[in-house]
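Peer 1: Mind looking over this structure? Questions follow.
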Ligand code: BT5
C-alpha cells in the first residue's frame, strides 16, 4: 500500500477529516487524496463524504490495504486476486531484493505442498507467503516452519477452533484418538543460501478459511466447517502475522510454544523420513531446530524431515 493511502486510513481511523486537512497532513494535493479515496472505495472500504469531510465506515474482509490497515507487524502486504503460487510470487520479489513482504491471494491455480504435492487453493481460503531475510545459519531455518504452525494454531484457537500441530507443520482439528483428524492448514518453507548464510526464506501458509468441505480434499477441514460461520480473514491474517513476528524475534520461545500446541508428542507415530526410512515408535519430544525424537525398540531416533502419521491407540 502506498504511504499516502496508509496515511489516509490511519487518519480516518481516528475520526472524519476533510480532503484539505488530509492533503496538508500528508503533503500531497487534494486531487491525490481524492484518487486514493476512490481507490480505497473500489476495494470495498466504506468512506462517506459528509459535512465533516471523509468518514471511514466498514473495512473490507480481505485484500491488501485491508490487511495492512491496523497490522501490528512490520510486513508490507502484496495482494493479488489470483496467482499460480504465492511462494513463486515471493520468489520473484526476493530476486528483486525485497524483504519482509507477505504475498496474499484469494486463489491459487498452482498451489504446492511439500515435495511438489498439490495444494487445493480455491477462493475463500488464506494463501500467503512471507518473504524474510533472516541473519541466521541455514540449519536453524526449520524453526520458522514451527513458528508458522504455532502462529496459525494460535489464530485458529482465538477464532474458536480447537486446532493443534502434527509434526512438523500440519495444523489439524482432532487428534485422531477418537478417529477424527482433519487438516486445517499446512506450511511450505523454501529457502536459498549457503550453509552459513541465508539469502532468503519464504514461509508459505495455506489456511482453509471460508471454504466448504466439498471444495477440499478428503480429510481436510476449514474454519467455516468447524465454526458454522465465516471468519474475518483480514483479522485472522493479522493475528497470524503478528504472532509469527513475535516468535521470530524470540527464537528461544518457539520450541516451547510448539510443544504446547503439539498433538504429536506422546503419540505412537509412523514417520517416513526424508531418506526413505520408516520409523515407528513413540514421539517423545522436539529439539532444535525442529528435530522429532522417536523412541523405538532400538533406541531413540532423531528425525529431521519426513511425513508423520499418528497411529490409533490399540
Ligand atoms: C503442506 O504440504 O501441507 C504445505 C501446504 C502449503 C500451502 C501454501 S498456500 C500458500 C503457499 N503457496 C503455495 O504454493 N504453497 C503454500 P504437505 O504436507 O505436503 O501436504 C500436502 C497434502 O495435503 C496433499 O497431498 C493433499 O493430500 C493434502 N491437501 C491438499 N490441499 C489441501 C487443503 N487445501 N487442505 C488440506 N489438505 C490439503
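Peer 1: Hey, can you tell me all the residues within the stretch 155-179 that are touching a helix residue (DSSP H, G or I) at 6+ places or on another chain (Cβ under 7 Å) and farther than 20 Å from residue 229 by Cβ?
Peer 2: Passing the criteria: 164, 165, 168, 169.
Peer 1: Further question on the same structure: What number of residues in the stretch 16-37 are within 21 Å of residue 70 (Cα to Cα), out of contact with any strand residue (DSSP E or B) (no Cβ under 6 Å at 6 or more places or on another chain) and touching a residue at least 24 places away in the same chain (Cβ under 8 Å)?
Peer 2: The number of residues fulfilling the criteria is 3.
Peer 1: Shifting gears a bit: Restricting attention to the stretch 97-109, does a residue exist that is under 18 Å from residue 183 (Cβ atoms), exposed (fewer than 15 other Cβ atoms within 10 Å of the Cβ), at pLDDT 95 or above and within 13 Å of the ligand (Cβ to nearest atom)?
Peer 2: no
Peer 1: Follow-up. Kindly provide the set of residues from the stretch 158-177 that are farther than 17 Å from residue 239 by Cβ, modelled with pLDDT of 95 or more and not in a strand (DSSP E or B), ordered by number.
Peer 2: 167
Peer 1: For the stretch 110-140, give me the residue count where each residue is more than 12 Å from the ligand (Cβ to nearest atom), farther than 29 Å from residue 69 by Cα and either in contact with a helix residue (DSSP H, G or I) (Cβ under 8 Å, 6 or more places away or on another chain) or part of a loop (DSSP other than H, G, I, E, B) (or both).
Peer 2: Residues in the stretch 110-140 being more than 12 Å from the ligand (Cβ to nearest atom), farther than 29 Å from residue 69 by Cα and either in contact with a helix residue (DSSP H, G or I) (Cβ under 8 Å, 6 or more places away or on another chain) or part of a loop (DSSP other than H, G, I, E, B) (or both): 3 in total.
Peer 1: Restrict the check to the stretch 207-222 and report whether at least one residue is closer than 30 Å to residue 287 by Cα, surrounded by fewer than 22 Cβ atoms within 10 Å (Cβ to Cβ) and in contact with a strand residue (DSSP E or B) (Cβ under 7 Å, 6 or more places away or on another chain).
Peer 2: Checking the stretch 207-222: at least one residue is closer than 30 Å to residue 287 by Cα, surrounded by fewer than 22 Cβ atoms within 10 Å (Cβ to Cβ) and in contact with a strand residue (DSSP E or B) (Cβ under 7 Å, 6 or more places away or on another chain).
The values are calculated or read from the model by the stated rules, or taken from the named source; none is laboratory data. Predicted model only: the values in this text are computed from it and were never measured. Quick reminder, even Gly has a Cβ in these numbers, built from the backbone with ideal geometry, and neighbours come from all protein chains shown.
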